[in-house]
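Working notes, structure below.
The values are calculated or read from the model by the stated rules, or taken from the named source; none is laboratory data. Bear in mind that the values here come from a model prediction, so they are computed numbers and not experimental data. Note that we place each Cβ from the backbone using ideal geometry, even for glycine, and neighbour counts take in every protein chain shown.
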Amino acid sequence: MEELSETLEMTTGSPGSSYTPVRRAVASLATTSSSFLVSNSPILSTSILPTVLTVIISPPRPRDTMNLDAVPRTVLEARLQEALCASNATVEAQKKVIQGMQAQTILQSMYLEGVRGQLQAQEEKKTKKRKTGKINMDGCMKILTQDDIIAGVQEWQDGQDKVVEEVHQEKSPQFSGHKLT
């Protein structure tokens, strides 16, 4: 909540803070489902970016060739042709920038999905309980013939056998009866 108020303060144009469009974008992002991007808390693997929306951009093509090829008869027509030419150049430059931004966004999304998978694996590894192989470590002396000690050893051994069996099944190829040609 404190982060949101700080973000809103930055965008109000209060004395001492310079208002910029980037600050306004950050403030508006803080109120969406993607607020984890501007939050100070660590990003979790469950945080998902919104879907990247792209648009089809038409390929560059000559525009207004008939108007630009005509010989101007007046000074005004010459200026209008220059303005039209500059406008067409601006449109083409904007298309190139937008194409680059879309390509960059797609590549970054692909990269972030890979990083999110790595983060998820790391989180799972942290939460996975590690078994030490030690039985009944409560500080009291044990007699190895006690029933609960024998049961604990048997349970541990069964767990180890199950892990080895799972690893063996993952490594062995599974065929569904279809012949490879």
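Which of the residues that make up segment 64-119 are farther than 30 Å from SER47 by Cα and either in contact with a Ser or Thr (Cβ under 6 Å, 6 or more places away or on another chain) or acidic (Asp, Glu) (or both)? Across segment 64-119, the qualifying residues are ASP64, ASP69, GLU77, GLU82, GLU92. The set of residues in segment 103-117 being surrounded by 11 or more Cβ atoms within 10 Å (Cβ to Cβ) and of a type in the set (S, T, N, Q) consists of THR105, GLN108, SER109. (1) hydrophobic (A, V, I, L, M, F, W, C); (2) surrounded by 10 or more Cβ atoms within 10 Å (Cβ to Cβ); (3) at pLDDT 80 or above: which one isn't true of MET10, the others all being true? So MET10 meets the others, but not (3). Quick one: would you say VAL75 is over 26 Å from the mean Cα position of the chain (by Cα), in contact (Cβ under 8 Å) with a residue 24 or more places away in the chain and loosely packed, with under 13 Cβ neighbours inside 10 Å? Answer is no for this residue.
Residue check: ILE48 meets all listed conditions (1) assigned to a helix (DSSP H, G or I); (2) of a type in the set (A, V, I, L, M, F, W, C); (3) modelled with pLDDT under 85 but one, namely (1).
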